[in-house]
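Q: Got a structure for you, written out below as structure tokens; questions coming shortly.
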Amino acid sequence: MATLAQLKSKLGRETLSDWRVITQEMVDTYSVLTGDADPFHDDPEWTKANTSFGGTIVQGFFLLANLTWFTRHPAGEPIDDVEYVLNYGFDKVRFIRPVPVGKPIRARIRLLDVEDRGPTRAVLRFGVAVEVEGSAEPHVVAEWLGSAQKKTASGSAR
């Protein structure tokens, strides 16, 4: 296990997630749950006939939702003096090129900063690049923030 102070010595370290395939069924379910239904995502025949994508593409916000999965597969190193880390948002997000449904994707995750925010909290900044198998360029890039609640002397967060 590492501490927040020890993480600071690992700035710039990159971790690769496992590969994941986003299926058409997953995209269709996301469309129903969020209302983000569009032929670009849900109609393979229409997309083949009317776009240069060759098939449907994954919703951008669905790709962002998968960042949590990417950070857990493989699991990140536990932080000994942190009770939990919550999603704190994004400073930058760019959807550079579409991600085809059914293609293996993974994330490159780089620790960019550990910023102390007082005795009970720190903000972790990660650079994330989502890549599609066989593509030399990233398809999504983001700066993702996590709010780390520090353990108190009693061992739990306040």
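All of the numbers you see were taken from the coordinates with simple rules; none came from a lab. On a predicted model such as this, the values are computed, not experimentally measured, just so you know. Reconstructed Cβ throughout: ideal geometry from the backbone, glycine too, with neighbour counts over all protein chains shown.
Q: Which whole-Hz ³J(HN,Hα) couplings does the stretch 12-27 yield from phi under the Karplus relation 6.51 cos²θ - 1.76 cosθ + 1.60, θ = phi - 60°, glycine and proline marked x?
A: Once rounded to whole Hz, the list reads x, 5, 10, 10, 9, 7, 6, 6, 9, 10, 8, 8, 4, 4, 5, 5.
Q: Could you work out Rg/(2.2 N^0.38 Å) for the stretch 1-42, with Rg from alpha carbons only?
A: With N residues counted in the stretch 1-42, Rg over 2.2 N^0.38 Å equals 2.03.
Q: Among residues other than Val128 whose Cβ falls under 12 Å from its Cβ, what is the net charge (Lys/Arg +1, Asp/Glu -1)?
A: Here the count lands on +2.
Q: Compute the separation of the alpha-carbon centres of the stretch 1-55 and the stretch 60-109 and state it in Å as a whole number.
A: 9 Å
Q: Give the long-range amide H neighbours of Asp81: residues separated by 5 or more places, or on another chain, with amide H under 5 Å away, using H modelled in the peptide plane at 1.01 Å from N.
A: Result for Asp81 returns Leu4.
Q: Per residue of the stretch 93-107, in order, report the coupling 6.51 cos²θ - 1.76 cosθ + 1.60 (Karplus, θ = phi - 60°) as ³J(HN,Hα) in whole Hz, putting x for Gly and Pro.
A: 9, 9, 9, 6, 8, x, 9, x, 4, x, 8, x, 10, 8, 10
Q: Pairs of alpha-carbon atoms within less than 8 angstrom and 6+ residues apart define the contacts here; what relative contact order does the stretch 29-158 have, in percent?
A: Averaging sequence separation for qualifying contacts and normalising by length gives 23 percent for the stretch 29-158.
Q: Let me ask something additional. Based on alpha-carbon positions alone, could you give the equivalent ellipsoid semi-axes of the stretch 26-129 from the gyration tensor, as √(5λ), descending, whole Å?
A: 34, 13, 12
Q: Given labels modelled 7 Å from the Cα in the Cβ direction, how far is it in nm from Lys8 to Asp28?
A: So the two model labels end up 5.2 nm from each other.
Q: Further question: When a footprinting reagent is the concern and you count Cβ atoms within 10 Å, what order do Glu115, Glu143, Glu25, Glu131 take, fewest first?
A: Fewest to most other Cβ atoms nearby, the residues stand as Glu25, Glu115, Glu143, Glu131.
Q: Going 7 Å from the Cα of Asp116 in the Cα-to-Cβ direction, what parts of the stretch 1-28 have a backbone nitrogen less than 15 Å from that spot?
A: In the stretch 1-28, the label zone of Asp116 (backbone N under 15 Å from the point 7 Å along Cα→Cβ) covers 3-9.
Q: Right, next: Would you mind estimating how fast the stretch 75-150 diffuses translationally, via Stokes-Einstein at 10 °C and 1.306 mPa s with the Kirkwood radius over Cα pairs, in µm²/s?
A: 115 µm²/s
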